[in-house]
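The values are calculated or read from the model by the stated rules, or taken from the named source; none is laboratory data. None of these values were measured; they are calculated from a predicted model. Glycine gets a Cβ as well: all are built from the backbone with ideal geometry, and neighbour counts include every protein chain shown. What goes into the accessible areas is simple: the full protein's heavy atoms, side chains included, and nothing from ligands, DNA or RNA. Shrake-Rupley method; radii C 1.70, N 1.55, O 1.52, S 1.80 Å.
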There are 2 protein chains.
Amino acid sequence: MKAHIIILPKKAVLDPQGKTVRGALEHLGYTGITEVRVGKFIEVELAEGDRETARRQLDEACHRFLSNPVIEDYHLEILD
Amino acid sequence: MKAHIIILPKKAVLDPQGKTVRGALEHLGYTGITEVRVGKFIEVELAEGDRETARRQLDEACHRFLSNPVIEDYHLEILD
């Protein structure tokens with residue numbers, strides 16, 4: 001079983017890394033880019049077990065320490 | 001139009017950040033986690049335009065400077 005976690009800065013929060021990437025892409029001639037946000041991607045491999053327990057545990061871990069809920073949003077997906 | 005880019009360290013490359021997250025999760029009592037890899041997630045908002053051109057441009061950007069092809073793999077997805 002696998003889980004994918006995406007953590008991105010909230011829309012209302014400044015994202016200097018995203019701004020830098022956007023500027024760099026423009027500078028290199030890539031046009032048509034209106035916004036870039038840079039966050040984290042976490043891939044977790046899990047021993048086989050109950051899917052719902054895994055989701056609950058990882059959701060708690062995301063909230064408690066993998067993300068900063070004040071400035072970041074996370075999205076958790078459990079895959080087979 | 002949107003693009004999602006996932007950049008992860010290659011399987012053969014040591015991932016100290018992933019190892020740290022795995023250790024921390026275990027320490028906090030989350031069991032059944034066999035491996036963690038930590039990478040980057042980049043969300044790009046694009047002006048409407050040709051989908052294939054956008055894919056080609058972003059693929060080149062991923063290869064040239066968003067990822068380090070020696071130690072990282074990337075996955076690019078163009079969404080509506």
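Descriptive notes on the structure:
- Ranked from largest to smallest solvent-accessible area, with a 1.4 Å probe on the protein heavy atoms, A:Lys2, B:Lys19 come out as B:Lys19, A:Lys2.
- Under the combined filter of DSSP loop state and at most 12 neighbouring Cβ atoms within 10 Å, chain B retains these GluC sites (Glu not before Pro): B:Glu48.
- Residue of chain B with the smallest Cβ distance to the axis mapping B onto A, distance rounded to whole Å: B:Phe41, 2.
- A:Ile78 sits among other residues whose Cβ lies under 13 Å from its own Cβ, and their net charge, with Lys and Arg +1 and Asp and Glu -1, is -4.
- Summary value for region B:2-79: 53 percent relative contact order, contacts being C-alpha pairs under 8 angstrom separated by 6+ residues.
- Just the protein heavy atoms count here, and of the accessible area of the protein assembly as shown at 1.4 Å, carbon and sulfur take up 53 percent.
- Interface A-B: total buried accessible area of about 2800 Å², 1.4 Å probe, protein heavy atoms only.
- Distances in nm from A:Asn68 to the matching label points in the other copies, shortest first (labels 7 Å along Cα to Cβ): 2.4
- Relative to the longest principal axis of the Cα atoms of chain A, the long axis of helix A:16-27 makes an angle of roughly 50 degrees.
- Each residue, B:His4 and B:Asp73, gets one label point 7 Å from its Cα in the Cβ direction; the gap between the two is 1.7 nm.
- Inter-label distance for A:Leu28 and A:Val13, nm, one decimal - labels placed 7 Å from Cα along Cα-to-Cβ: 2.6
- Inter-copy label distances for A:His4: 0.5 nm (label point placed 7 Å from Cα along Cα→Cβ; shortest first).
- Region A:2-79, accessible area per residue, ligands and nucleic acids excluded (1.4 Å, Å²): 56
- Here chain B is treated as an ellipsoid with the same Cα gyration tensor; its semi-axes, largest first and in whole Å, are 31, 15, 8.
- Its Cα gyration tensor gives the protein assembly as shown an equivalent ellipsoid. The semi-axes, each the square root of 5 times an eigenvalue, are 30, 17, 14 Å from largest down.
- Proximity of backbone amide H atoms, modeled 1.01 Å from N, is registered between A:Lys10 and A:Glu72, A:Asp73 at under 5 Å, excluding neighbours fewer than 5 places apart on the same chain.
- Crossing angle, helix A:51-61 versus chain A [Cα axis fit, 0-90 degrees, rounded to tens]: 50
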